[in-house]
1. Here is a check on your reading of the model: is Ser66 modelled with pLDDT of 95 or more and not in a loop (DSSP other than H, G, I, E, B)?
2. For the range 3-43, give me the residue count where each residue is at pLDDT below 90 and of a type outside the set (D, E, K, R).
3. State which residue is nearest to the chain's Cα centre (by Cα) when the search covers only the range 215-236 and only residues that are surrounded by fewer than 22 Cβ atoms within 10 Å (Cβ to Cβ) and in contact (Cβ under 8 Å) with a residue 60 or more places away in the chain.
4. Residues in the range 286-297: is at least one free of Cβ contacts under 8 Å to residues at least 40 places away in the same chain and more than 25 Å from Ile6 (Cβ to Cβ)?
5. Could you list, in sequence order, all residues of the range 11-49 that are of a type in the set (A, V, I, L, M, F, W, C) and closer than 18 Å to Met214 by Cα?
6. From the set of residues in the range 176-208 that are of a type in the set (Asp, Glu) and not in a helix (DSSP H, G or I), which is surrounded by the fewest Cβ atoms within 10 Å (Cβ to Cβ)?
7. Given the criterion part of a loop (DSSP other than H, G, I, E, B) and either buried (at least 21 other Cβ atoms within 10 Å of the Cβ) or not aliphatic (A, V, I, L, M) (or both), identify the matching residue among Asp110, Asp126.
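The values are calculated or read from the model by the stated rules, or taken from the named source; none is laboratory data. Quick caveat: nothing in here was measured; it's all calculated off a predicted structure. Every residue, glycine as well, gets a Cβ built from its backbone with ideal geometry; the counts of neighbours run over all protein chains shown.
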Amino acid sequence: MKVSDILSGSTKAYPSLEIVPPMRGMTKNELLESIAPFMEFSPKYINVTSHRDEFEFRSEADGSFSRHLVRNRISETTVCAAIMDRYDVEVIPHIICAGATKEEIESKLDNLEFLGINNIVALRGDSMASEKRFTPTQGGYAYASELVEGIRKYQGSASYQRRRKSEMTADDRYFCIGIGGYPEKHFEAPNLETDIANLKKKVDAGADYIITQMFFDNKVYYDFVDKCRNAGIEVPIIPGLKPISSYRQLTSLPEAFSLDIPVDLTKAIEEVKEDKEAIYQIGTEWCTMQCKDLINHGVPAVHFYTMGKSDNITRILQKCF
């Protein structure tokens, strides 16, 4: 079922999850067992992130260096297929501009169609570790809005089109497309207003809904939604949450995701910074409070960034859903 249909058919907020594909070496069963604790709460869908290939340079015997492709993680498509094989849940792979040509992305879409997957989250993706700024792949998309437009034009593989030729229309849409939104703005944007204008470009290109980057102050989300509506963005905006689980995340999360952590939460963690379990509990309770407040304010869903962890998320789901 498409996320757009799930959203339109839901009468109350529901949970969804995001997982990271495992590093090479993890087995299929290990991956599926790590997801098992979440399934008790019947999430509507599981998002699977996409990570671009990196390269490394290795010295050769003659003193030269050779460039080698490095793939450290199992692909998002493979992970989606594994989840579908075990659990009755929708899966949503992320598709990124980074590191792929338009033709390679269309090939991915063919593979997803073959598996019966018709939900996608479309993102630009991050720069490579060796880059200061994002550099588009030659023959690829430079912006998420271009990627959304390209996906929206996709009407299925040749065999799919032949099967449906009699019912195809110019506006036929095989994929439901989600996109990312940044309540505290993308770190490359000069200001939030410009970032929201770019977000509207993605919506106008054909995106069906927005999932926000994590935030720790619900007022940030509510203000962001108001600004989006004032800018003419009408699609559902799903809040994304992640509980803080370690002292190091007070600095690592703002650095990695360009976000603020509220003073009250920071102080509470600073006071017990030597007590790992206390920090874990504070982070879980804060996220639970956020989730309950969001539900009370009528959000359509709450999306959880699991980062490969399940215990704190399941505690929150038990109290909120």
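1. no
2. The number of residues fulfilling the criteria is 4.
3. Ranking the qualifying residues of the range 215-236, first place goes to Pro236.
4. Within the range 286-297, one or more residues are free of Cβ contacts under 8 Å to residues at least 40 places away in the same chain and more than 25 Å from Ile6 (Cβ to Cβ).
5. Ala13, Leu17, Ile19, Val20, Ile46, Val48
6. Result: Glu188.
7. Asp126
To keep it simple, each residue is scored yes or no on (1) among the hydroxyl-bearing types (Ser, Thr, Tyr); (2) under 22 Å from Asp195 (Cα atoms); (3) at pLDDT below 85.
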{"position": "Lys132", "(1), (2), (3)": "no, yes, yes"}
{"position": "Ala142", "(1), (2), (3)": "no, yes, no"}
{"position": "Leu147", "(1), (2), (3)": "no, yes, no"}
{"position": "Ile151", "(1), (2), (3)": "no, yes, no"}
{"position": "Ser159", "(1), (2), (3)": "yes, no, yes"}
{"position": "Arg162", "(1), (2), (3)": "no, no, yes"}
{"position": "Glu167", "(1), (2), (3)": "no, no, yes"}
{"position": "Phe175", "(1), (2), (3)": "no, no, no"}
{"position": "Tyr182", "(1), (2), (3)": "yes, yes, no"}
